[in-house]
Structures are given as structure tokens and as C-alpha cells.
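One structure is given below, encoded as C-alpha cells.
The values are calculated or read from the model by the stated rules, or taken from the named source; none is laboratory data. Everything numeric in this text was worked out from a predicted model, so none of it was measured. Every residue, glycine among them, receives a Cβ derived from its backbone with ideal geometry; neighbour counts consider all protein chains shown. When the accessible area is computed, the model is the full protein with side chains, heavy atoms only, and any ligands, DNA or RNA have been set aside. Shrake-Rupley method; radii C 1.70, N 1.55, O 1.52, S 1.80 Å.
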Amino acid sequence: MSTYAQNRPNGQPSPTNTNRWSTKQLVTMALMCAIAILLSFIEFPILPSASFLKLDVALVPSAVVGFAYGAGPGVLVGIVSAVAHGAITGNWVGCLMNIIATLAFIIPASAIYTRNRTFKGAVIGLVVSTVCFVVVEILANLVIDPTLYGMPFDAVAALVVPAILPFNIIKGVVVSILTALVYKSISNLITPAKDQVKGR
């Protein structure tokens, strides 16, 4: 955040600059959006029994932004990249699922880490986010697959334990680990100085 306070002739400080997002932050968010869009096209199946479930790590740039600047910017990056992916592929149901995933993962991790900018805070935030992500994704599949894809509810429910649950646990853990590694590597380059933690 960029703020300033210069003395007026009468000795009173001038109003604080209310421009919340600096140029550096906007550039960083734009770059992370581009990276997230590219990552969304790199996907592959990880469960032989459910090859239709494909892993991607497009949430990592959004999570890194969320750690650096807060939940709002992180969610914005995730939504923009999800909409861009949907527009390119024409898969708007997938876009909806990606937006739901973004909200479920980014908000808890960012909110917890913003309150406790330590390694412990990051770990707690990522663990809570993974749990929220898994639960929300299961519920989303149970609602969206029958409603928008026309799959029988019983068929979707039968996939929860053998496929949907383990897939989303693996994805949540992978995204969490990559987020921690990437953020640790670049945090002091993108995080405002007032929020930097030595040794992080």
C-alpha cells in the first residue's frame, strides 16, 4: 500500500493516499494471472480409476498473491484466470468449479496468514484451506455434476470415496506444498515491506 503524509502550511498532515493497490502489486497480480492461465492448461490424471479427474496447479499463483496481499487480490487472480480458461475452452461449468475451488482454498489460507505472518500461520492456513477445499469440492460435485452435467446423483455419490475424495486431498496437498515453496522463494520480492518477515 502506498501512503503519504506531508505537512500542510498550517501544520496539519495532508490526507492519506487511499490508493490501496500500488503499481508493483498490480503488475504482480497481472503476472500471476498469466501464469495461472498457463498452468490451467497443464493437467493430467493421477488416479487410474478416475482418469476424468485431472490435476492442475493453477491455484498456486492465486494462493501466493493471497499470502502477499490478502484474500481479495488472491481471489481476484483466481477468478480472472478461471474465466479466461473458460472463455478459451468454452467449458463454463469447469469455470464455475474453478471459481468455487478458488474461494474455498484462497480465502481461509489468506485470512489466517494475514493475521499470523509466520511459518506456523502459513502451515495452519494451508491445512485449513485444504480441508475446506476438499469438503467444498465434494459438495460442488454432488450438486453441479447432476444439475449441469446430467449425471445421476447416485453415480456421482458412488465416486466420492474412491475418486473425488482422494483426488481433492492430493490436489490440496500438492497446491499447499507448492504455494509454501514458491511464496518462501519470492515473498520478499512481492510482499510490501511492512509485512515482510525475516527468515520467512
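Structure notes:
- Across 154, 56, 145, mean-square fluctuation computed from a Gaussian network of the chain (C-alpha pairs under 10 Å connected) peaks at 154.
- Across 41, 67, the residue with the most accessible area heads the list, and the full order at a 1.4 Å probe is 41, 67.
- Ranked order, 130, 114 - accessible area, probe 1.4 Å, largest first: 114, 130
- Solvent-accessible area per residue in the chain equals 53 Å², computed with a 1.4 angstrom probe and all protein chains kept.
- Burial order of peptide ranges 59-65, 25-31 (average beta-carbon count within 10 Å, highest first): 59-65, 25-31
- Dipole of the chain computed with +1 at Lys/Arg Cβ and -1 at Asp/Glu Cβ about the Cα centre; of 59, 48, 188, farthest Cα towards the positive end is 188.
- Residue pairs exceeding 23 angstrom between C-alpha atoms, taken from 24/120; 120/184; 120/171: 24/120.
- This model, with +1 at the C-beta of Lys and Arg and -1 at the C-beta of Asp and Glu, gives the chain a dipole about its Cα centre of some 1060 debye.
- The stretch 74-200 - percent relative contact order, Cα under 8 Å, separation 6 or more: 20 percent
- Working from Cα pairs under 8 Å separated by at least six residues, relative contact order for the stretch 11-144 is 18 percent.
- Charge dipole of the chain about the Cα centre (unit charges at C-beta), most positive-ward option of 106, 116, 129: 116
- Per-residue ellipticity at 222 nm computed for the chain from its helices equals -23000 deg cm²/dmol, with DSSP H segments shorter than 4 residues left out and the rest contributing -39,500 (n - 2.57).
- Heavy-atom accessible surface of the stretch 125-164: percent carbon and sulfur, 1.4 Å: 79 percent
- Surface accessible to a 1.4 Å probe, residue 92 within the full protein complex, Å²: 140 Å²
- Of the residues 141, 91, 168, the one that moves most in a GNM of the chain with alpha-carbon contacts below 10 Å is 91.
- Most mobile of 172, 94, 150 in a GNM of the chain (Cα contacts under 10 Å): 150
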